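Chemist: If you scroll down you'll find the structure; I have some questions about it.
The values are calculated or read from the model by the stated rules, or taken from the named source; none is laboratory data. Keep in mind that what you see is a predicted model, and the values were worked out from it rather than measured. Heads up, the Cβs are rebuilt from the backbone with ideal geometry, glycines too, and the neighbour counts pull from every protein chain shown. All accessible areas refer to the heavy atoms of the entire protein, side chains included, with ligands and DNA or RNA removed. Shrake-Rupley method; radii C 1.70, N 1.55, O 1.52, S 1.80 Å.
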Amino acid sequence: MSTRTVLSSEDIDRAITRIAHQIIEANHGTSNLVLLGIPTRGVVLANRIARAIANNYPDFDPSNSVGRLDITMYRDDLDRKPTRAVTETELPAKGITDQTLVLVDDVLFSGRTIRAALDALTEYGRPRAVKLAVLIDRGHRELPIRADFVGKNLPSSRDERINVQLTESDAENQVVIES
Amino acid sequence: MNYQLVLKNTNLGDGTTVDIAIEQETIVAIDTGLSGEVEIECRGLIALPGFVDLHTHLREPGFEASETVLTGSRAAAKGGYTAIHPMANTNPVADTAGVVEQVKALGDAAGYVDVFPIGAVTVDLGGVQLAELGAMADSKAKVRVFSDDGKCVSDPLMMRRALEYVKKFDGVIAQHAQDPRLTEGAQMNEGQVSAQLGLTGWPGVAEESIIARDVMLAETLDSRIHICHLSTARSVEIVRWAKQRGIRVTAEVTPHHLLLTDELARTYDPVYKVNPPLRTEADVLALREALIDGTIDIIATDHAPHPAEAKECEWDAAAFGMVGLETAVSVAQLVLIDSGRSNWQRLAEVMSLNPAKIAADLGQGEAIKVGSTANLALVDPAVQREIVAVTESKSRNNPFAGMTLPGRVVHTIYRGRPTVLDGSIVEVAR
Amino acid sequence: MKHLISAADLSLDEILSILDTAEEMSVVNDRDVKKLPTLRGKTVVNLFFEDSTRTRISFEVAAKRLSADVINFSAKGSSVSKGESLKDTAQTLEAMGAQALIVRHHASGAAHNLANSGWISSHIINAGDGKHEHPTQALLDAFTMRKRIHGSHSRGKSLDGLKVLIVGDVLHSRVARSNLLLLRSLGAEVRLAAPATLLPANPNFLGASYYLGLDDAIDEFHPDVVMMLRVQLERMSASFFPTAREYSRGWGLSAERLARLSENAIVMHPGPMNRGLEISSEAADSAQSTVLEQVANGISVRMSVLYHLMSGETRE
């Protein structure tokens, strides 16, 4: 197995800053903006993006704008993988109805996770719009889903493994590709 | 001269190797260098007097789906038996001369072993009215052993009457010791395992209290009492005490109570459901000790065949009982010989001489000597065999299936005629 | 996890995973849309050989909230009452497409038999087998205790050091057996209080120490949780205790005994309650009582159990 670093710690920081800017630009500001991370690393990234936004827009309050959305019970591959532990879903107190909602995940691959997330969202309210931010888009989509904000496009082969490591949950801050 | 049949080079269990010559139904010579018209090679095999089972369920008449006199006889022959005593809990119950004569006739017709029916103590095993014990004793079946087995003669007055009544023909009452009130709904040994499994307990005291009562009755009346399937350490103590007092009590133990414990119930597999129930390791060890020291007189199988549907169900709904005719000698060898604690002479006593004596069987349980009836089991003690459930018995409720046990019956000679040769049944010409 | 037969089968990690997932299920049960698509297209059969409307409904609601199809099969008025065997009934239901059987049976071990006999390959959930076990009841009881103690911070928590007293007919109680095993795995100390007639013959039952009177138990053990078991009145006719009055006097949770518990102590009962026999109305209706929470939590815990058994790759 060979391992190659494709994003360094600095690369990740730059990507997050860029995504933060793009979100604000697309949303014409920070009003009615909610970031929902998909566990585990999507939650970490959502928090980092929120901090990046708050650095530039002090009126943006991450504590009432960031949440997490567990999509386990909505997956379509429950019979194919070992039973997954279900984690908490936490929404900002203001809810998601009429908000511009940005789903955040680490890697966009088949699109099935996002499909499950869209299903899960319908149980919690009716956002004005749903956008998608990912650190890595590695291709191989199986559903008509695309990301609105992408840290890095990383063409990969199916049998390679993209491993996102963030210090909140891992030892390092980097993205490696294993093949 | 050439004898009719000679067993060549057989070991008598004491290290001596001899040839045994048989004419008609009788052993006529024991020596070396004998020759016969038919010779059966027995090198490495131990010759034992044909086994006598004092506790068999043949299920005929009434439950022929489980076993018949014929299939049970074949299973017995395969296990080295030359005589068996079918219990009375058939349908109709063997509580009249007619039924016991019918069972005896079926046994004679099958032709694999002597079938000596046991008569019921009370009519329809009901515990209320004494059965015609005298008529059964005087019948062609010559019944000497009476038992309500499956049920206890729990009424002390009824037990007293029966013990007194059979003295006329030196009969014996074989008691299934189980206090009915203490065992209402009972499913397995009462103890830690039953508590955890939530199965209603069968406490040892339900057996022990009846044995204590009955040995005292036997002492008071100077009668003979036989205790079926002892299962607890305290039952052993009571019998030991009674024998020391000179009470005329004999006791049996089953192969399964010598080998298996209530831990097996954790599987909830009803193949381990039996009455009395499998007990604890301490009980097993006490029973083995009692068999070795003579407190327990015999091994009896309590061979209790049941159809698949009676065991393929939840534990509570399952029938009590296990088969055992074809594995008994292996368990006996394990406990007496392979343990290094006893010898082949003792094995012959508990498997053949003693049960025949208790039941006053003619031509059975005789030591191997010139003039004895030629009932013989030839056992290969060196074999280790994996027990399989499918056997000569019609039923497969075999708790030993899958276990590896020592010893195998290679040949069985029943009244001078081989019923089993090289481990296979010899079909009886009809 | 393929089956749930005994609380003893569950490791601490598995118990915590079930309880933590149940926390999320209880959030779903508080939503307007109380439905998840997780078990869509799967069929669950409630196979009840014994009447128990509340347990059956609890499982039915749980399965439906996970979008499973639910079939209720009651032994009464079915082929079972005409003598069909457990094996034939189970095989018939599986042939109709059942992927999980939730089994309530009067015989101890019935669920174990279905899971281990090779008759069928469905998931088996033991919803109470004779006097043996009722593991989902123990899970919901543990969930309820944890929730009372840790509130919204329950996730990942065990019950280390919690003192639980189980009172009443331990001998015949599947609830007591499952709770004893499960609570011990969670680190709780469990003791028993019962008349000696209603304790298993070997009093050192699964290693739990016991009291023959409730007063001694309260005064010496100072329990954090008092779990009252339902008393079956037919035990009285079988002389397990002389009269209802005497039982109540010796082992009932009266107002006076309730007052002697610590003020944070929890009073539990699996239901249905015999008010005035094993539990007084004062205790049943007090703020310390969790009786209704237990019912509500039952749905969340059973959803979690169904999820744990029926999702995940199928391994043989």
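Chemist: Kindly indicate the residue of the range B:403-421 that is closer than 10 Å to residue B:112 by Cα and not aliphatic (A, V, I, L, M) and also most open to solvent (accessible area, probe 1.4 Å) among those meeting that condition.
Modeler: Ranking the qualifying residues of the range B:403-421, first place goes to B:417.
Chemist: Further question: For the range A:131-139, does any single residue satisfy the condition of being at positive phi and more than 14 Å from chain C (Cβ to nearest Cβ)?
Modeler: Within the range A:131-139, one or more residues are at positive phi and more than 14 Å from chain C (Cβ to nearest Cβ).
Chemist: Now a separate question. Going by the structure shown, is residue B:97 surrounded by fewer than 22 Cβ atoms within 10 Å (Cβ to Cβ) and not acidic (Asp, Glu)?
Modeler: Yes; evaluated as a whole, the condition is true for this residue.
Chemist: May I pose another question? For the range B:236-267, which residues satisfy the criterion of being part of a helix (DSSP H, G or I) and surrounded by fewer than 20 Cβ atoms within 10 Å (Cβ to Cβ)?
Modeler: Of everything in the range B:236-267, those that are part of a helix (DSSP H, G or I) and surrounded by fewer than 20 Cβ atoms within 10 Å (Cβ to Cβ) turn out to be B:237, B:240, B:241, B:243, B:244, B:263, B:264, B:266, B:267.
Chemist: Find all pairs meeting these conditions: Cβ atoms under 6 angstrom apart; at least six residues apart or on different chains; first residue within the range B:176-188 and more than 11 Å from residue B:152 (Cα to Cα) and in the same structural domain as residue B:302 (by TED's automatic domain parsing); second residue of a type in the set (S, T, N, Q) and open to solvent by 20 Å² or more (accessible area, probe 1.4 Å).
Modeler: Here the result reads B:185/B:200; B:186/B:200; B:187/B:200, each pair linking the range B:176-188 to a residue that is of a type in the set (S, T, N, Q) and open to solvent by 20 Å² or more (accessible area, probe 1.4 Å).
Chemist: Oh, and also: Can you find a residue in the range B:27-38 that is touching a Leu at 6+ places or on another chain (Cβ under 8 Å), of a type outside the set (Gly, Ala, Ser) and open to solvent by 70 Å² or more (accessible area, probe 1.4 Å)?
Modeler: There is at least one residue in the range B:27-38 that is touching a Leu at 6+ places or on another chain (Cβ under 8 Å), of a type outside the set (Gly, Ala, Ser) and open to solvent by 70 Å² or more (accessible area, probe 1.4 Å).
Chemist: Limited to the range B:163-213, what total is found for residues that are within 14 Å of chain C (Cβ to nearest Cβ), under 22 Å from the mean Cα position of the chain (by Cα) and of a type in the set (S, T, N, Q)?
Modeler: Selection size over the range B:163-213: 1.
Chemist: Take the range B:309-331 and flag every residue that is open to solvent by 20 Å² or more (accessible area, probe 1.4 Å), at the interface with another protein chain (Cβ under 10 Å from one of its Cβ atoms) and in contact with a Lys or Arg (Cβ under 8 Å, 6 or more places away or on another chain).
Modeler: Scanning the range B:309-331 gives a single hit, B:312.
Chemist: Could I ask something else about it? I need a count of the residues in the range A:68-116 that are within 13 Å of residue A:33 (Cα to Cα) and either within 13 Å of chain C (Cβ to nearest Cβ) or assigned to a loop (DSSP other than H, G, I, E, B) (or both).
Modeler: Within the range A:68-116, residues that are within 13 Å of residue A:33 (Cα to Cα) and either within 13 Å of chain C (Cβ to nearest Cβ) or assigned to a loop (DSSP other than H, G, I, E, B) (or both) number 9.
Chemist: Considering every residue within the range B:268-284, establish whether at least one is away from every other protein chain (no Cβ under 14 Å), surrounded by fewer than 19 Cβ atoms within 10 Å (Cβ to Cβ) and over 30 Å from residue B:42 (Cβ atoms).
Modeler: Within the range B:268-284, one or more residues are away from every other protein chain (no Cβ under 14 Å), surrounded by fewer than 19 Cβ atoms within 10 Å (Cβ to Cβ) and over 30 Å from residue B:42 (Cβ atoms).
Chemist: Please work out which one of (1) surrounded by 24 or more Cβ atoms within 10 Å (Cβ to Cβ); (2) within 13 Å of chain C (Cβ to nearest Cβ) is the condition residue B:291 fails and give its number.
Modeler: For residue B:291, the exception is condition (2).
Chemist: Now for a different question. Applying the selection to the range C:212-235, what residues are open to solvent by less than 30 Å² (accessible area, probe 1.4 Å) and not in a loop (DSSP other than H, G, I, E, B)?
Modeler: Selection gives C:214, C:217, C:218, C:221, C:225, C:226, C:227, C:228.
Chemist: Next question. Can you go through B:352, B:342 and tell me which one is touching a residue at least 24 places away in the same chain (Cβ under 8 Å) and in contact with a Gly (Cβ under 6 Å, 6 or more places away or on another chain)?
Modeler: Unique residue meeting the criteria: B:352.
Chemist: Filter the range B:1-59 down to the residues that are over 25 Å from the mean Cα position of the chain (by Cα), under 14 Å from residue B:415 (Cα atoms), not aliphatic (A, V, I, L, M) and not in a loop (DSSP other than H, G, I, E, B) and list them by number.
Modeler: B:4, B:23
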